[in-house]
Every structure is written in C-alpha cells, then in structure tokens.
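*Asks:* I have a structure here, written as structure tokens, and I will follow up with some questions on it.
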C-alpha cells in the first residue's frame, strides 16, 4: 500500500508497468493529485479485485485493465473523458458500470468479454460508442442511456446490439425502450 507515500503528488504509471502482475489484488491511488496511466499498465493482473483512482485521471488508455478477470467493480472518476479501446476488455467479474457525465467516448472493445456485466449506465454526454464496445457480454440485460432513442441509435452500436426482443434485453432511453441483442 503506497498510496499515502504519493499523496498530493504527480504520478505517471508507464506502459505495461504492472502487466501480468498476478499478486496484485488492490490498487489505491485516490490521493494522487495528478495521475496518468499508460497503455497496458495493469493488463493481465488476473487477481486484481479493486481499484481506487483520483478525480484527476482524464482517460483510460488502451488495454489499461484488459484481462483483469477478478476485477469486481470500478468507480470511474468524473474527470474521465475517454475510455479507449480494450480498456476493460475481459474483466470477467465486472457486474455493472456507471459511466460518469464527463465521458465523451467509449472505444472499440472497451468492455468486450465482460461476461458477468449485467447493467451499464451511459449518460447523454457520451457522443461516441464504438460498435463493438460491449461485444461478447452475454449477461448484459439492460443499458440505461440518459438520452433519446434517436441519440442511442446514432451510435451505430446496432452492429453488435441487434434489435431482437426474444431475450428481453433493452436499452432504456428517456423517450422509451429499444430491444437489443448482444453479439456473443
């Protein structure tokens, strides 16, 4: 636990700095004043369960937590503007995600393979969602989008969220629901 050692300081965690560190179970960085995390910094940390991040982080870089299969939940700080490609791909223990109002885009495969993911809350501030952002999320039941159906459909994620009502999955929008199918 080194979080107190870096309190009110700046920290840059480099590319693949802790990649495949299987003994890492918890990350406490919430007291860091300025934090940047490089590509693949924690990818493959399969025993990582919890992450606490500061409100200074502005993006989740590519593959940053990819393959952290034990990660149970993540609080995305309200300072994050981008969730890049594969940021949380194959985080198999994640059950729900709340995207804060600060996020503008969600990249390719950002949550791909999150097989336990059941619910996603997306604010209307999100202007771009890659078509395969939630591919292979078989447990995903509901997407809550704080915008209109038209806005939701404009993302083009229907490439992987096919309209099909037989499974009972829905995208809930301000002006009604849209049945969805998750490509598995």
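The values are calculated or read from the model by the stated rules, or taken from the named source; none is laboratory data. Note that the structure is a prediction, hence the values are computed from the model and not measured. FYI the Cβ positions are ideal-geometry reconstructions off the backbone, even for glycines, and counts take in every protein chain you see.
*Asks:* Which residue, of 91, 40, 66, 45, is buried (at least 17 other Cβ atoms within 10 Å of the Cβ) and at positive phi? Let's see the steps before the verdict.
*Replies:* Working: 91 fails: at positive phi; 66 fails: at positive phi; 45 fails: at positive phi.
Unique residue meeting the criteria: 40.
*Asks:* Also, I was wondering about something else. Sort out for me the strands (runs of 3 or more DSSP E) sitting completely within segment 25-119 that have 2 or more residues that are farther than 15 Å from residue 137 by Cα.
*Replies:* Because the criterion is at least 2 residues that are farther than 15 Å from residue 137 by Cα, the strands (runs of 3 or more DSSP E) in segment 25-119 that meet it are 26-28, 34-37, 50-52.
*Asks:* Residues that are on the phi > 0 side of the Ramachandran plot and out of contact with any helix residue (DSSP H, G or I) (no Cβ under 6 Å at 6 or more places or on another chain): does segment 21-33 have at least one? Step through it out loud before you land on a result.
*Replies:* Of the residues in segment 21-33, the ones on the phi > 0 side of the Ramachandran plot are none.
No - not one qualifying residue is present in segment 21-33.
*Asks:* Can you confirm whether residue 31 is modelled with pLDDT of 90 or more and farther than 21 Å from residue 104 by Cα? Steps first, answer last, please.
*Replies:* Numbers: modelled with pLDDT of 90 or more: no; farther than 21 Å from residue 104 by Cα: yes.
Against the criterion (modelled with pLDDT of 90 or more and farther than 21 Å from residue 104 by Cα), residue 31 does not qualify.
For every residue, the table says whether it meets (1) surrounded by fewer than 16 Cβ atoms within 10 Å (Cβ to Cβ); (2) more than 22 Å from residue 58 (Cβ to Cβ); (3) within 11 Å of the chain's Cα centre (by Cα); (4) touching a residue at least 24 places away in the same chain (Cβ under 8 Å).
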{"site": "86", "(1), (2), (3), (4)": "no, no, yes, yes"}
{"site": "107", "(1), (2), (3), (4)": "no, no, yes, yes"}
{"site": "112", "(1), (2), (3), (4)": "no, yes, yes, yes"}
{"site": "126", "(1), (2), (3), (4)": "no, no, no, yes"}
{"site": "138", "(1), (2), (3), (4)": "yes, yes, no, yes"}
